Amino acid sequence: MLFSVITRVIGFLFRIYISRTIGAEALGQYQVSFSLFMVLLTIVSSGLPFVVSRLTAKFRTSNDITSERKMVTASVIIGIVLSLTLCAIVIIFIPVLRAIFADDKCILLLLILLPALVFSSVYATIRGNIWGQNRYFSLCITELFEQVARVILFIVLISGLLGQTDGAVVSAISMTGACLCSALLVLIIYIATGGKFKGGKHNGFYKTLIKQSTPITGVRLAGSLVQPLIALIVPLRLVAAGYTSAQALTLYGTAMGMTIPFLYIPSTIIGSLSTALVPDLSAALAKNDTNYIKNRVVSAIRFTIFISVLFIPLYIGAGKIIGNFFYAESLAGILLEQSAWVMLPLGLTNITSSLLNSLGYEVKSMKNYVLGAILLILSIWFLPKLLGINALIYGFGLLFLTTCILNLRMLKKIIGCKLQISKFLWLSCAFVIPSASICSLLCNLLLNFTNCFFALAISCTVGCLFYILLCLVFNLIEINSILVWLKQKFNKKIFKKHKNKKMA
């Protein structure tokens, strides 16, 4: 979780830097091409690492290192062949893409990003192997390294070597370079820790990997397909509603490049929980430990609600000030205030999808997401004339709200009992109102005496603490169990030191 927060904070600040450096229109162009690239990336790097992690854990349990190496080799080959095939398809269909995209520069950006597909296919498989071994430190280091490499490459290129080049082009080049660096790093880690690529017959592993990864890839692909559709539909529908092409791209760049990233901040922590739950629940499922699974599912959902709602009063109370401070763009802050509620269904969608995938219900999870995505597409097609760019916000809300409700109903059936989250959910949402009011009042008051940074820091901290205090008062957070856990950890550490001294 710590590494994920650091990685996402770097990425978040980097996105702010990019938006200030290249501007909203160039950011919109990059987002359009990047959204299509993400669809291709999903195909080569979503299902495979998940399956590789599960099979790695299985082979490690039986100490079958030979099968593990053959499986990793087969996965690398599948990924490389698949990524090269996708690159060829994109190049062949460039005339079609040119007719679809509103700006020809998007084609150039996509071509620059294509080599990253091959690098990412190798990275994904090796990362899955590291994941399956429960080597979370190595896993986090690779993610952090990729983010840092991208930041360094962009800054070096934009300020020196390619200073006169378009900012969107530099962004694409830095992305591809970072993917190459991360692929080389995981290969070094894999080989340095005794990993090898095993020759011989891999037919059985090809079939297993493809069969098990296809449903998971389908789920992720459904999500990724939404992004390019949004990138194509929103600017077109805004133009149809009366905006110019430049205005439409600017609005889209502001919403997707400035506002939406703030909504995904809680998912950083939730994603860390999901990563730890996958091998944990898979092992419990193999042991048929139903009570453990039930407890894990309920506690994971409650934790997700707490983390997601924690940020809502901060955005509602100080959203406009946040937009002005980070982007010097009031529209980004206004959209943030209006879209803060989306974080709750977004977080629940993320955790429930991970839980369903871990329990073997990938296909049903995909169907739920597709239904929500249909509502999103309908929203951004029909509502821009009435709501402008806000149609995108409400579309996202419908997508995640529909998906999380269906996922929760499915989890209830799977574990065979009530999730017991209703009281927790409604109380958490009720605490948003007083917390947001305190945050807003304090922020506006402090702006008369101090600068924007300190006003935001103090007001958001107070709003956050007030929300946590309400959760403690109404027993949504069990502080006693946390203190007991910390005491046990401390006593265990003292005992270990005492034992080492005695042995010495």
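The values are calculated or read from the model by the stated rules, or taken from the named source; none is laboratory data. The model shown is predicted, which means the values in this text are computed figures rather than measured ones. Cβ placement follows ideal geometry from the backbone for every residue including glycine, while neighbour counts extend to all protein chains displayed. Protein only, heavy atoms only, side chains kept; ligands, DNA and RNA dropped before computing areas. Shrake-Rupley method; radii C 1.70, N 1.55, O 1.52, S 1.80 Å.
One residue is enough: does region 454-465 have a residue meeting the conditions open to solvent by less than 40 Å² (accessible area, probe 1.4 Å), closer than 30 Å to K294 by Cβ and in contact with a Leu (Cβ under 9 Å, 6 or more places away or on another chain)?
no
Does region 211-221 contain at least one residue that is in a helix (DSSP H, G or I), open to solvent by 50 Å² or more (accessible area, probe 1.4 Å), of a type in the set (K, R) and modelled with pLDDT of 85 or more? Break it down into steps so the answer makes sense when it comes.
So the first thing to find is which residues in region 211-221 are in a helix (DSSP H, G or I), and the list is 211-221.
With open to solvent by 50 Å² or more (accessible area, probe 1.4 Å) added as a condition, the list becomes 211-212, 214, 220.
In the following step, the residues that additionally are of a type in the set (K, R) were identified as 211, 220.
Checking which are modelled with pLDDT of 85 or more leaves us with none.
For region 211-221, residues in a helix (DSSP H, G or I), open to solvent by 50 Å² or more (accessible area, probe 1.4 Å), of a type in the set (K, R) and modelled with pLDDT of 85 or more: absent.
From (1) of a type in the set (A, V, I, L, M, F, W, C); (2) open to solvent by 20 Å² or more (accessible area, probe 1.4 Å); (3) touching a residue at least 40 places away in the same chain (Cβ under 8 Å), pick out the condition that doesn't hold for I65.
Of (1) of a type in the set (A, V, I, L, M, F, W, C); (2) open to solvent by 20 Å² or more (accessible area, probe 1.4 Å); (3) touching a residue at least 40 places away in the same chain (Cβ under 8 Å), only one is false for I65: (3).
Of the residues in region 362-402, how many are more than 28 Å from L249 (Cβ to Cβ) and open to solvent by less than 40 Å² (accessible area, probe 1.4 Å)?
Matching residues across region 362-402 total 4.
If you take the residues in region 3-20 that are more than 15 Å from the chain's Cα centre (by Cα) and modelled with pLDDT under 80, which one is most open to solvent (accessible area, probe 1.4 Å)? Break it down stepwise before answering.
The initial filter retains those residues of region 3-20 that are more than 15 Å from the chain's Cα centre (by Cα), namely 13-14, 16-20.
Within this subset, residues satisfying the condition of being modelled with pLDDT under 80 are 16, 19-20.
Details: I16: 13, S19: 9, R20: 128 Å².
Taking the candidates together, the pick is R20.
In the set L48, L27, which member is surrounded by 23 or more Cβ atoms within 10 Å (Cβ to Cβ), more than 20 Å from V151 (Cβ to Cβ), out of contact with any strand residue (DSSP E or B) (no Cβ under 7 Å at 6 or more places or on another chain) and among the aliphatic types (A, V, I, L, M)? Before the answer, list the steps.
Details: L27 fails: more than 20 Å from V151 (Cβ to Cβ).
It is L48.
Name the pairs whose Cβ atoms lie under 7 Å apart, with the first residue in region 248-264 and in contact (Cβ under 8 Å) with a residue 24 or more places away in the chain, the second basic (K, R), and 6 or more positions between them or separate chains?
Within 7 Å, the pairs are G257/R15; P261/R15.
Checking V169 against (1) open to solvent by 50 Å² or more (accessible area, probe 1.4 Å); (2) out of contact with any Gly (no Cβ under 9 Å at 6 or more places or on another chain); (3) more than 16 Å from V122 (Cα to Cα), which single condition isn't satisfied?
(1)
State whether the residues of region 135-144 include one that is outside any helix (DSSP H, G or I) and modelled with pLDDT under 85.
Looking through region 135-144, at least one residue is outside any helix (DSSP H, G or I) and modelled with pLDDT under 85.
Any residue that is open to solvent by less than 30 Å² (accessible area, probe 1.4 Å) and within 17 Å of L406 (Cβ to Cβ) - is there at least one of those in region 314-331?
The answer is no; no qualifying residue exists.
Looking at S459, S422 in this structure, which one is hydroxyl-bearing (S, T, Y) and either in contact (Cβ under 8 Å) with a residue 12 or more places away in the chain or in contact with a His (Cβ under 6 Å, 6 or more places away or on another chain) (or both)?
On the way: S422 fails: either in contact (Cβ under 8 Å) with a residue 12 or more places away in the chain or in contact with a His (Cβ under 6 Å, 6 or more places away or on another chain) (or both).
Exactly one residue qualifies, and that residue is S459.
If you go through region 270-281 one residue at a time, do you hit one that is at pLDDT 80 or above, within 28 Å of L419 (Cβ to Cβ) and either of a type in the set (D, E, K, R) or out of contact with any His (no Cβ under 6 Å at 6 or more places or on another chain) (or both)?
First pass over region 270-281, keeping only residues at pLDDT 80 or above: 270.
Adding the requirement that they be within 28 Å of L419 (Cβ to Cβ) leaves 270.
So of that shortlist, the ones also either of a type in the set (D, E, K, R) or out of contact with any His (no Cβ under 6 Å at 6 or more places or on another chain) (or both) come out as 270.
Yes: one or more hits.
Restricting region 80-136 to residues that are touching a Lys or Arg at 6+ places or on another chain (Cβ under 7 Å) and surrounded by 15 or more Cβ atoms within 10 Å (Cβ to Cβ), which is nearest to A246 (Cα to Cα)? Spell out how you get there, then give the answer.
To start, the set of residues in region 80-136 that are touching a Lys or Arg at 6+ places or on another chain (Cβ under 7 Å) comprises 104, 107, 132-133.
Those still in the list that are surrounded by 15 or more Cβ atoms within 10 Å (Cβ to Cβ) too: 107, 132-133.
Details: I107: 18, G132: 47, Q133: 49 Å.
Looking at the filtered set, the residue picked out is I107.
One residue is enough: does region 67-77 have a residue meeting the conditions farther than 14 Å from R127 by Cα, in contact with an Asp or Glu (Cβ under 8 Å, 6 or more places away or on another chain) and in a helix (DSSP H, G or I)? Outline the logic, then answer.
Residues of region 67-77 that are farther than 14 Å from R127 by Cα, as a first pass: 67, 70, 74, 77.
Filter once more, keeping what is in contact with an Asp or Glu (Cβ under 8 Å, 6 or more places away or on another chain): none.
The answer is no, given that none of the residues of region 67-77 is farther than 14 Å from R127 by Cα, in contact with an Asp or Glu (Cβ under 8 Å, 6 or more places away or on another chain) and in a helix (DSSP H, G or I).
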